[in-house]
Amino acid sequence: MNRSHSPSACGIALCASLAMALTLPAALAAQSPGFTVEDVLSLRGARVAAASPDGGRVLIALSTLRDRVGRDNSRFGDPTYVAPSVASYRMIDTRTGEGRPFFDGPRQAASLTWSPDGSHIAFLDRTGDAYRLNIHEVERNRSRTVSLPAGRVVMGDATLQWSADGSQLLFTMRTNEWHERARQRFLAEVDGPIVVRSSEDPFLSWEEIRRLSLEQIPALYDVASNRVEEILPASRLGSVTLTGDATHVVYQEDRTDSTSYEQIFGRKNRLIVKPVGPGESRTLFEDMEGITMRWSGDNRSYVYAKENRTYFGTIDGGEPRQLTGEPPREPGEASPEPPADSAARTAERERRARERFTPQRLSHDGSTMLARNSQGYWLIDTATGSDRTMIVEVPEPDEDDSDDRLPAWGVVAWSNDGNDVYLSYASRTQWERGLMHYDRTTGELRELVKDQRYYTGLQLSDDGSRFILSIAGGNQPGDIHVANADFTDVRRLTESNPGIEDRLARTELLKYLDVDGDELYGVVYYPLDYRQGTPVPTVFIVYEEFFDDRFNPLINVLTSNGYAVVQPSVDLERGYPGEAWVKGVTSAANKLIEMGVADPARLGVHGTSYGGYATNLLVTQTDRFAAAINISGKVDMVSFYFDSPRLGTRNTHAPERSQDRIGATLWEQPQKYIQHSAVMFADRIDTPLLLMTGTEDHNVPERTTSEMFYALRRLGRRVEWVSYVNGGHGMPTSTEAEVRDYHERILAWYDRYLGKDDSTRATSEDSGEAGPVGSDRSR
């Protein structure tokens, strides 16, 4: 069990500064006995908006859910719309902890980017419905707005990138004409009065609208002269990058000719390098499909993987050089015969697997690739490909998944001089997370920190001397910290929500076996002041897999009101996903009952989106739950398959190829679509069901969820449908009143069916019937 507290103490002077600078919101300062709905709105999150190259100063954004309320969900898919998201920004000296406001009040800013020489910060600032490009002079503490060429606008999604010397800034603009055209195209689709769609159109209409966001004009701003120079005419572009010396731009030019059903929003891009001054553009890659590049710090060299081989190239031209993998066969050359001996065949497969590398990073100067294969992480010389050093052994899971509980590793930072590699570590069998350091000079891999906390958002200063990062305990919001590169001095820079820890749930990692005997993990959040061995009403929040005890506001509202909350994992199988939830969730419930935590007569279950879909399927297969809530989850796979036009091909792709895991089209396996449509088995639902939807939800349109309401009402079952008319997907955020209603309504539903004695629960006799996908009708 774990109740994690503040990870590191701060000095008296620093703490005093924090207390003055980061005043606790009034709702939290009231010290209510538990976590409330007011706390949901008022709790502050801290994030690093920008850090100086030397790590000596950091811009921190502090915001609450209240700062994001006001979203207009009816404009989902409008290329010109930016949802509200204001924050308070503070400049903090990481050496002293002293801070000051960066703006004169809360502001909606975006893309705050510190110049490499430390002299300026570029950012986008929203005023009304328009954005401005601003340059802040750090030493003089003053900002100026960049004057754009006539007929040009900057949007909230604009690219901002400095040259290495801080003299120039790459950014992207659009034309006034684009803004008006994109807005009118959106309105024509939603307001008509006449909308025509044809199979002869190369793109689905909403994908055509989405593609308008690709139209950009890359430009360079010169700080000294205060001039803007356009590099390219308005074009449909993917990424746009400036080389460190500001001599070239590298960009992806969109050349997609039709809607893809193989990949959601699939695009075909050409990679081009163009001199900033005079000179001809050159195409580096005609087609970027299936290629993910890792670039050097100066953006002049790159590595990528293709067909089990890795390659190194530069923007200077020439054929990319193969670094790893089997040599390509000549045209017409036959594949080699496999060895006759089985042991030799196994050895050959293992040898080939060791040659399959995935690039992770490229050093700042491009001389070394950091890549992973089936054995672990390697440093590979890009000049030869043969000079290789394994820095950490991290075997991948076997094909039979017998090793799927091996620790998870990742690369989080690499010093500019190429010597120091930093990796994250996370156990998959216990709450143990940390950071490792590999020193290329000594060849030593050393543990920097390892405990139960979360270390995220790590930024290493350009000189490699310090980290800026967020640290959070289990079920706690994170705060910003600064640390020396060797983690010998970790200091807290923010204390966003002092005193909140004692009002949050204690957590425990749950280990259990599902019906098939597979080992699974889940997370238990205990009620406040829980007494060991006391059965309490228990809510299961379902989705796919859960392991980490991340902070969750709704869970803490429930635990503050006497509920235990469990996030169970399920073992989803392609082609038969519906069986997973009844196998995994009911097994987790059995485990909680055995532990003396869950009251078997007072079990509830809910989920959002895919979790809402899971909830509805689950209650068609078992009546063990006294209450259930489906939040924005589909109930009919057939109608959902042909819906959600604003998401393009997502609703066909999900069952065919991705999350829904049906593994076939509707016409290939119609019976599976029916088997995974809870509404087809509504007559087997005895559990009181609350449906929560948003009329403006264009992810899972509420009309598919509403089918369950009309079905259960026709069948005389207990069902309630709450539709937030201005709401979108999941929790509504159009107004504070909606946020409050959402949380209070969920709590009231569980209070009604779980919060009283067992006599309030209507029961039904065991019908003995099988559910749609492997029913468990027993108690």
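The values are calculated or read from the model by the stated rules, or taken from the named source; none is laboratory data. Note that the coordinates shown come from a computational prediction; the quantities given were computed from them, not determined experimentally. Reconstructed Cβ throughout: ideal geometry from the backbone, glycine too, with neighbour counts over all protein chains shown. We work out accessible area using only protein heavy atoms, side chains counted, and drop any ligands, DNA or RNA first. Shrake-Rupley method; radii C 1.70, N 1.55, O 1.52, S 1.80 Å.
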| task | Could I have the simple spin-label model distance between Asp191 and Gln532, label points 7 Å from Cα toward Cβ, reported in nm to one decimal? | result | 6.5
| request: Return the subset of Lys268/Lys672; Lys583/Lys634; Lys450/Lys511; Lys450/Lys583 for which the Cα-Cα distance in this structure is over 30 Å, preserving the input order. | output: Lys268/Lys672; Lys450/Lys583
| Spin-label model distance (nm) - Ile593 vs Ala234, 7 Å beyond Cα toward Cβ | 6.5
| Residue-count net charge about Gln108 - beta-carbon cut-off 15 Å; Lys, Arg +1, Asp, Glu -1 | +1
| query | Using the heavy atoms of the protein chains alone and a 1.4 angstrom probe, what is the accessible area of the range 247-373 per residue in square angstrom? | reply | 56
| request: Find, among the GluC sites (Glu not before Pro) in the range 571-664, those assigned to loop by DSSP (not H, G, I, E, B) with at most 15 other beta-carbon atoms within 10 angstrom. | output: Glu573
| note | the range 67-131 and the range 587-618 have their Cα centres apart by a whole-number Å value of 40
| said: Could you order the peptides 360-366, 174-180 from most to least packed, using the average number of other C-beta atoms within 10 Å per residue? | reply: 360-366, 174-180
| query | Taking the structure as given and computing Rg and Dmax of the Cα atoms in Å, which label from (i) 48.0, 168; (ii) 61.2, 165; (iii) 27.9, 83 fits? | reply | (iii)
| How do 666-676, 81-91 rank on mean C-beta neighbours within 10 Å, highest first? | 81-91, 666-676
| request: Grab the other residues whose beta carbon is less than 13 angstrom from that of Phe546, score K and R as +1, D and E as -1, and report the net. | output: -3
| query | Ignoring ligands, DNA and RNA, what percent of the accessible area of the range 624-689 is carbon or sulfur (1.4 Å)? | reply | 52
| query | Which Cα, out of Ala711, Pro106, Gly607, lies furthest along the positive dipole direction of the chain (beta carbon charges, K/R +1, D/E -1)? | reply | Pro106
| message | Quick check: net charge around Ile480, other residues with Cβ under 12 Å of its Cβ, Lys/Arg +1 and Asp/Glu -1? | response | +3
| remark: With the charge dipole of the chain built from beta-carbon charges (+1 for Lys and Arg, -1 for Asp and Glu) about the Cα centre, the Cα from Met390, Ser74, Gly376 projecting farthest to the positive end belongs to Ser74
| task | Pull out the extension gain between Thr358 and Gln669, defined as 0.36 nm times the separation in residues minus the alpha carbon to alpha carbon distance; nm, one decimal. | result | 108.4 nm
| To the nearest 0.05, what FRET efficiency results for Asp129 and Glu736 with a Förster distance of 30 Å applied to their C-beta separation? | 0.85
| remark: Rh_Kirkwood(the range 179-278) over Cα pairs, Å, one decimal, evaluates to 15.9
| request: Calculate the spin-label point distance for Ala150 paired with Glu519, positioning each point 7 Å from the Cα along the beta-carbon direction, and give it in nanometres. | output: 7.2
| query | In what sequence, highest mean first, do 536-545, 92-101 appear when ranked by Cβ atoms within 10 angstrom? | reply | 536-545, 92-101
| said: Given the options Ser470, Met692, Val490, identify the residue whose Cα lies farthest towards the positive end of the charge dipole of the chain (+1 on Cβ of Lys, Arg; -1 on Cβ of Asp, Glu). | reply: Met692
